[in-house]
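Below is one structure, written out as structure tokens, with a few remarks after it.
The values are calculated or read from the model by the stated rules, or taken from the named source; none is laboratory data. Predicted model, so just to flag it, every value in this text is computed and none were measured. Note: ideal-geometry Cβ built from the backbone for every residue, glycine included; neighbour counts use all protein chains shown.
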Amino acid sequence: MIRVVGLVAKYQEPKAAQMARWLIPWLKRRGKKILVENGLVRSAAQSCSKKQMAAHADLIIALGGDGTLLNIAPLVERPDVPILGVNLGGLGFITEVAVDELEGVLAKTLEGNYEIEKRMTLDIRIKSKKSKPRRFRVLNDAVIAKGARSRIIDLETHVGDAYLCTYRADGLIISTPTGSTAYSLASGGPILEPTLGAIVITPICPHTLTNRPIVVPSAAPIHVTLRSFGDTVILIPDGQKGTRLNNGDEVEARDFGLPVSLIKVPSRSYYEILREKLKWGER
């Protein structure tokens, strides 16, 4: 039973605030308690942080693009809480509900008539001798990237106990199937069907052209150790604030074991989304 609905939105998008002002009374007429992200709109709804919303909402609606959904998804640690992503005009691979579909899809959702798709998340940990351990949960990817003025960096990479290689590159992307249509795709990585149990490792501008992206099973943890002195290197989880890495620091990535539940439109397959977003088959 959905009693509490959370609303998050892209602040810079005027359409998001407009949609929120329409949604709040619409939901109240249906007897729902509403939690609104701090600073979104002034209303009679209760304002709270994203973390509080993730802990108390029965349904979360993300108004904006994929980035808006990525901001809230890692905080939701109850697999029975679905997220409804509403695309307000961007590319949007995971915010698949269009504005003109929202009322119909939401009405069915509140009645319990909806389908969810479980999406794998990654457990990203930084192990360092110079600083305290850091941990992140990501839905899309974790990117190890050099600074603008840094030289090419060396990244010693293992899959499970097996040595893969030491990448000499501008960086490395460790991606879930959901994230395979994001930065990894732009860097030449493959597209994975989002429910697969796999991880993509994609080098960014590798020095050796034969260093190609590789897909590995999600059961195998990935260990990447930075082997470069004096360079500015950061780890960026899901496009959020980066954390600086030092020589010898290890980044470990593995299946978090707690998927995110996304509400999907039953009439639209993933392959239809690919055709539409990537313009496949058009002349």
| Going by the structure shown, is Gly239 small (Gly, Ala, Ser), outside the structural domain of Leu63 (by TED's automatic domain parsing) and assigned to a loop (DSSP other than H, G, I, E, B)? | yes
| How many of the residues making up the range 28-54 are modelled with pLDDT of 90 or more and in contact with a Leu (Cβ under 8 Å, 6 or more places away or on another chain)? | 11
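Going by the structure shown, is Gly248 touching a helix residue (DSSP H, G or I) at 6+ places or on another chain (Cβ under 7 Å), in the same structural domain as Ser175 (by TED's automatic domain parsing) and not in a strand (DSSP E or B)?
Values: touching a helix residue (DSSP H, G or I) at 6+ places or on another chain (Cβ under 7 Å): no; in the same structural domain as Ser175 (by TED's automatic domain parsing): yes; not in a strand (DSSP E or B): yes.
Spelling it out, it is not the case that Gly248 is touching a helix residue (DSSP H, G or I) at 6+ places or on another chain (Cβ under 7 Å), in the same structural domain as Ser175 (by TED's automatic domain parsing) and not in a strand (DSSP E or B).
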| query | Are any residues in the range 9-34 aromatic (Phe, Trp, Tyr) and more than 24 Å from the chain's Cα centre (by Cα), and if so, which ones? | reply | Trp22, Trp26
| task | Exactly one condition in (1) among the small types (Gly, Ala, Ser); (2) within 15 Å of the chain's Cα centre (by Cα); (3) farther than 26 Å from Glu115 by Cβ; (4) at pLDDT 95 or above is not met by Gly239; state its number. | result | (4)
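Residue-by-condition table, conditions (1) among the aromatic types (Phe, Trp, Tyr); (2) more than 30 Å from Gly147 (Cβ to Cβ); (3) surrounded by fewer than 18 Cβ atoms within 10 Å (Cβ to Cβ):
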residue: Thr232; (1), (2), (3): no, no, yes
residue: Arg244; (1), (2), (3): no, no, yes
residue: Gly248; (1), (2), (3): no, no, yes
residue: Pro266; (1), (2), (3): no, yes, yes
residue: Tyr271; (1), (2), (3): yes, yes, yes
residue: Glu282; (1), (2), (3): no, yes, yes
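Suppose we filter Leu262, Leu274 for residues that are closer than 30 Å to Ala107 by Cβ, within 19 Å of the chain's Cα centre (by Cα), not in a strand (DSSP E or B) and not β-branched (Val, Ile, Thr); which single one remains?
Leu274
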| Here are Asp141, Asp170, Asp161: which of them is closer than 19 Å to Phe256 by Cβ and among the acidic types (Asp, Glu)? | Asp141
| field | Within the range 41-52, tally of residues that are within 21 Å of the chain's Cα centre (by Cα) and without any contact (Cβ under 8 Å) to a residue 40 or more places away in the chain | value | 3
| query | Quick check: anything in the range 116-126 part of a loop (DSSP other than H, G, I, E, B), outside the structural domain of Ser269 (by TED's automatic domain parsing) and closer than 30 Å to Phe229 by Cα? | reply | no
| said: Looking at the range 54-77, can you tell me whether even one residue there is on the phi > 0 side of the Ramachandran plot, crowded, with 24+ Cβ neighbours inside 10 Å and touching a residue at least 12 places away in the same chain (Cβ under 8 Å)? | reply: yes
| request: Six or more apart or on different chains, Cβ under 7 Å: which pairs go from a residue in the range 112-131 that's among the polar types (S, T, N, Q) to one that's in a loop (DSSP other than H, G, I, E, B)? Could you list them? | output: Thr121/Leu139; Thr121/Thr176; Thr121/Phe256; Thr121/Leu258; Thr121/Pro259; Ser128/Asn246; Ser128/Asp249
